[in-house]
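Undergrad: Mind having a look at this structure? Questions to follow.
Only the coordinates and a few stated rules stand behind these numbers; no lab work does. The structure displayed is predicted, hence computed values, not measured ones. All Cβ positions, glycine included, derive from the backbone under ideal geometry; neighbour counts span all protein chains shown.
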Amino acid sequence: MFAHVPVSLGIQLACWALGRRLGASTKASLWLGCFAGAAVCIMREITQREYQWIEQFGDGRRANMPGYAGLEVWEWNAHSLSETAVAISASIAFAAFVTRRR
């Protein structure tokens, strides 16, 4: 259930380091990293839903899938929803913790 957390935090830490190296503030770097980490996790789940749709309804062909199929969040399974929510929450908590201490 926590497989996305290290990915999200790793991206956030990389953005923090890169941002500081380029002269951005800690706050800006951390929150940009939070956004980037969340985006990667969300995109992964969208892609997984697209592949599920293709298997279930598209006869194995991506061309049969409507463009919005992966964006139907209400069709995501509970594992996908919880995994994404936990990863985003961890990134937000980390950014809030570090920026409040400074």
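Undergrad: Over what distance in Å are the Cα centres of region 1-47 and region 78-102 separated?
TA: Region 1-47 and region 78-102 have Cα centres spaced 10 Å from each other.
Undergrad: Tell me the angle of helix 26-57 to the major Cα principal axis of the chain, expressed in degrees between 0 and 90 and rounded to the nearest ten.
TA: Tilt of helix 26-57: around 10 degrees.
Undergrad: Shifting gears a bit: Need the full-extension length gain, residue 18 to residue 93, defined as separation in residues times 0.36 nm minus the C-alpha distance. One decimal, nm.
TA: That works out to 25.0 nm of additional length.
Undergrad: Follow-up question, since we're still on this one. Which order do 55, 50, 75 fall in if you start with the one that has the fewest other Cβ atoms within 10 Å?
TA: The most exposed by this proxy come first: 55, 75, 50.
Undergrad: Still on this structure, please answer the following. Mind listing the phi-derived Karplus ³J(HN,Hα) values for region 83-92, rounded to whole Hz, using 6.51, -1.76 and 1.60 with θ = phi - 60°, and x for any glycine or proline?
TA: 4, 5, 5, 5, 5, 5, 4, 5, 5, 5
Undergrad: Right, something else. Counting helices only, and only those DSSP H runs with n ≥ 4, report the 222 nm mean residue ellipticity of the chain as the sum of -39,500 (n - 2.57) divided by its residues, in deg cm²/dmol to the nearest 500.
TA: -25500 deg cm²/dmol
Undergrad: Here is a follow-up. Using the Kirkwood radius over C-alpha pairs as Rh, can you work out the diffusion coefficient of region 4-101 via Stokes-Einstein at 25 °C, viscosity 0.890 mPa s, in µm² per second?
TA: My calculation gives 169 µm²/s for D.
Undergrad: What list of ³J(HN,Hα) values in whole Hz, one per residue of region 71-80 in order, does the Karplus curve 6.51 cos²θ - 1.76 cosθ + 1.60 (θ = phi - 60°) give from phi, with Gly and Pro shown as x?
TA: After applying 6.51 cos²θ - 1.76 cosθ + 1.60, I find 7, 6, 4, 5, 8, 5, 7, 4, 5, 4 Hz.
Undergrad: Further question on the same structure: For the Cα atoms of the chain, what angle does the longest principal axis make with the long axis of helix 4-21, in degrees from 0 to 90, nearest 10?
TA: 40
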